[in-house]
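**Q** Supplied in structure tokens, the structure appears directly below.
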Amino acid sequence: ACNEEKVERDCPRGTEHSWNPSNKDTTDRLNRFYSLDDLISAEYEKGNYETAIEYTNEYLELADIYKENWNFGNAIHDSYRYLGLISYNQGDLNQAAKYLVKSSESTGSPQLDTFGPELDLANLLLQEGKIEEVTVYLNGIKKFWEMDNGVINNWLEQINNGEQPELSKFGGHQITLTQKIVSWLSLLWPVIISLIIYF
């Protein structure tokens, strides 16, 4: 299935370019696309920024190929988030803020729509006074974060009032049972479907 924004676009099924390709349609290239987020994260945590940037550029190149895939939104948000974090750690706040805004251009994903994105870069930049960019970012992620329980609007109001709220993925609200269930299903459904097909 394609989301509503892509209804009029070509949405091929039965190929690696489907929204959720079957096992028989999954290629090595697609598996690489799925694995890059973890690879980037591992290199970033080790401080290997050069390698992390290489992986990030590869992730964005593959995202351009798999625009209809469910992981596309993750690739856009997370790639620019890591590029922004690296720029921040290297002291380039202006570039980090530009990457933050780029990350908000994500179209969302099962994970982002449910629990929202990691907000560490946005929080760091808010503390550095990058109010305009953080506001643009929050308005951007509000378009896909469907289960934010109103926390984004609260943050925007606080920022508009001159306050500096702490931006945290679960900040300001409790995780509901529905969110927990949807989160687990969003993570486990590929395994469940694979087991059903297998048996």
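The values are calculated or read from the model by the stated rules, or taken from the named source; none is laboratory data. The structure presented is a predicted model; accordingly, all values stated were derived computationally and were not measured. Backbone-built Cβ (ideal geometry, glycine too); neighbour counts: all protein chains shown. Accessible surface is based on the protein model in full, side chains and every heavy atom, while ligands, DNA and RNA are left aside. Shrake-Rupley method; radii C 1.70, N 1.55, O 1.52, S 1.80 Å.
**Q** Would you mind finding the one in 68, 58, 132 that is at pLDDT below 95 and either in a loop (DSSP other than H, G, I, E, B) or in contact with a helix residue (DSSP H, G or I) (Cβ under 9 Å, 6 or more places away or on another chain) (or both)?
**A** Exactly one residue qualifies, and that residue is 68.
**Q** If a residue must be closer than 11 Å to residue 33 by Cβ and not in a helix (DSSP H, G or I), how many such residues does the stretch 71-98 contain?
**A** 1
**Q** Please tell me if residue 124 is open to solvent by 40 Å² or more (accessible area, probe 1.4 Å), more than 10 Å from the chain's Cα centre (by Cα) and over 15 Å from residue 74 (Cβ atoms).
**A** For residue 124, the condition - open to solvent by 40 Å² or more (accessible area, probe 1.4 Å), more than 10 Å from the chain's Cα centre (by Cα) and over 15 Å from residue 74 (Cβ atoms) - is met.
**Q** Could you check how many residues of the stretch 139-153 are outside any loop (DSSP other than H, G, I, E, B) and either among the aliphatic types (A, V, I, L, M) or in contact with a His (Cβ under 7 Å, 6 or more places away or on another chain) (or both)?
**A** Total meeting the criteria: 3.
**Q** Follow-up question, since we're still on this one. Quick check on the stretch 143-157. Is at least one of its residues touching a Leu at 6+ places or on another chain (Cβ under 7 Å), open to solvent by less than 20 Å² (accessible area, probe 1.4 Å) and closer than 26 Å to residue 69 by Cα?
**A** Filtering the stretch 143-157 for residues touching a Leu at 6+ places or on another chain (Cβ under 7 Å) gives 144-145, 152, 155-156.
In the following step, the residues that additionally are open to solvent by less than 20 Å² (accessible area, probe 1.4 Å) were identified as 144-145, 152, 155.
Those left that are additionally closer than 26 Å to residue 69 by Cα: 144-145.
Among the residues of the stretch 143-157, at least one is touching a Leu at 6+ places or on another chain (Cβ under 7 Å), open to solvent by less than 20 Å² (accessible area, probe 1.4 Å) and closer than 26 Å to residue 69 by Cα, which makes the answer yes.
**Q** Check the stretch 61-77 and report whether any residue there is open to solvent by 50 Å² or more (accessible area, probe 1.4 Å) and over 16 Å from the mean Cα position of the chain (by Cα).
**A** Among the residues of the stretch 61-77, at least one is open to solvent by 50 Å² or more (accessible area, probe 1.4 Å) and over 16 Å from the mean Cα position of the chain (by Cα), which makes the answer yes.
**Q** Still on this structure, I have one more. Whether any residue in the stretch 88-107 is open to solvent by 40 Å² or more (accessible area, probe 1.4 Å) and acidic (Asp, Glu) is what I want to check.
**A** yes
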